[in-house]
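Data block below; observations after.
The values are calculated or read from the model by the stated rules, or taken from the named source; none is laboratory data. Note that the structure is a prediction, hence the values are computed from the model and not measured. Neighbour counts are summed over all protein chains in view; Cβ atoms, including those assigned to glycine, are modelled from backbone coordinates with ideal geometry.
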Number of protein chains: 2
Amino acid sequence: MPIARPTHRRLFAVFDHAHGRLSRCAGKVLVSAGVKPAQATALIYLGYHDGAQPSEMANGVGINNAATTGLVSRMEKAELVIRKKLLSDGRGKTVHLTAKGLRTREKVMDILRDFDDKLAKNFTESEMDTVYKFLRAASELKEK
Amino acid sequence: MPIARPTHRRLFAVFDHAHGRLSRCAGKVLVSAGVKPAQATALIYLGYHDGAQPSEMANGVGINNAATTGLVSRMEKAELVIRKKLLSDGRGKTVHLTAKGLRTREKVMDILRDFDDKLAKNFTESEMDTVYKFLRAASELKEK
DNA sequence: ACTTTTTAATTCATATGTGTAACTTCTCTG
DNA sequence: CAGAGAAGTTACACATATGAATTAAAAAGT
């Protein structure tokens, strides 16, 4: 007795649709912090991994190296981060939050905390555990 | 007794990360169909709503009207769809799948069916119900 | 030691998204 | 019927992603 479920829409399409909407909403609440969703995600990551190299960032944020170069460049122009040369490896750079970057990150965290709460409302702890588990599995889907 | 859960990463960031990865993977499997994820989503939608107007499409696919114009234009150039004038309203257009669009959609559906299965593997029916429920709730988050 | 391979970061062309503004066409009101 | 306003579409500037090619530096193999 399978539960009726709209199978006429592919999971990927549903996920993509949800992401589009969510991203748009996030963009709106983030306006007051002056950053876009992608930059917000990067700020959060850097808070936990200040001085990470672009390629580490790419992995941590879920985008590729080329996208990271652009993202970091825009953030550097906005004075949220600075790039430094990696002494131990002439190819490498490291990315660091500036004071402004840190302040902005605080704002972003407050905003997204509320946002997340709103998102998770109407779901039990255990349901959210399932959701997190799914999102992590999706993140780790191998590129094959 | 709250279950230990990595609260140090915001739900939105986790979602965004998962979407980035997923989208990249989808892009790779979709190469054989010759379309990008966004076009694949549009093809799926149009299969269920052939002759929809751009604004309806925007809503159904989860993007805004401006994005839809560009998407449809690229798809028209690729001969996947055609635009027709809406007779009943001079402002409107309707978007229709071409024969090539239909064939491509078939391929896309097959590819994404596999993709979805891989994604949902390791999750029970009831867990996936929770995931779908969450994704739908996310889609409907009001823009406030 | 020298060549080959790998790896990090960037650049380039292109696809896709956003918001805002403009344009066209319809509808409504006076 | 004309002008105001609403609605659908498109245009524009820009942020963000991808893959492919490039450049420079490190690592590995002979």
Lone qualifier among B:Lys142, B:Lys85, B:Lys100, B:Lys121 - being within 16 Å of DNA strand D (Cβ to nearest atom) and among the basic types (Lys, Arg):
B:Lys85
The residue from A:Ala78, A:Ala52 that alone is modelled with pLDDT of 95 or more, within 9 Å of DNA strand C (Cβ to nearest atom) and surrounded by 14 or more Cβ atoms within 10 Å (Cβ to Cβ) is A:Ala52
Matching residues, the range B:95-114, being without any contact (Cβ under 8 Å) to a residue 60 or more places away in the chain and buried (at least 20 other Cβ atoms within 10 Å of the Cβ):
B:Val95, B:Leu97, B:Gly101
May I ask you to list the residues in the range A:116-140 that are in a loop (DSSP other than H, G, I, E, B) and either more than 7 Å from chain B (Cβ to nearest Cβ) or crowded, with 17+ Cβ neighbours inside 10 Å (or both)?
A:Lys121, A:Thr124
Count of the range A:26-39 residues which are buried (at least 20 other Cβ atoms within 10 Å of the Cβ) and at the interface with chain B (Cβ under 7 Å from one of its Cβ atoms):
2
Somewhere in the range B:50-65, is a residue under 16 Å from the mean Cα position of the chain (by Cα), closer than 23 Å to A:Ala137 by Cβ and part of a helix (DSSP H, G or I)?
no
Within the range B:88-115, which residues are within 16 Å of the chain's Cα centre (by Cα) and either hydroxyl-bearing (Ser, Thr, Tyr) or at the interface with chain A (Cβ under 10 Å from one of its Cβ atoms) (or both)?
B:Thr104, B:Val108, B:Met109, B:Ile111, B:Leu112, B:Arg113, B:Phe115
Subset of the range A:55-93 [touching a Leu at 6+ places or on another chain (Cβ under 9 Å) and more than 14 Å from A:Ala42 (Cβ to Cβ)]:
A:Gly92, A:Lys93
Suppose we filter the range A:40-63 for residues that are within 11 Å of chain B (Cβ to nearest Cβ), small (Gly, Ala, Ser) and more than 10 Å from DNA strand D (Cβ to nearest atom); how many remain?
2
Across the range B:1-49, which residue is modelled with the lowest pLDDT among those that are assigned to a loop (DSSP other than H, G, I, E, B) and charged (D, E, K, R)?
B:Arg5
For the range B:23-49, enumerate the residues that are in contact with a Pro (Cβ under 9 Å, 6 or more places away or on another chain) and touching a residue at least 12 places away in the same chain (Cβ under 8 Å).
B:Ser23, B:Ala26, B:Leu30
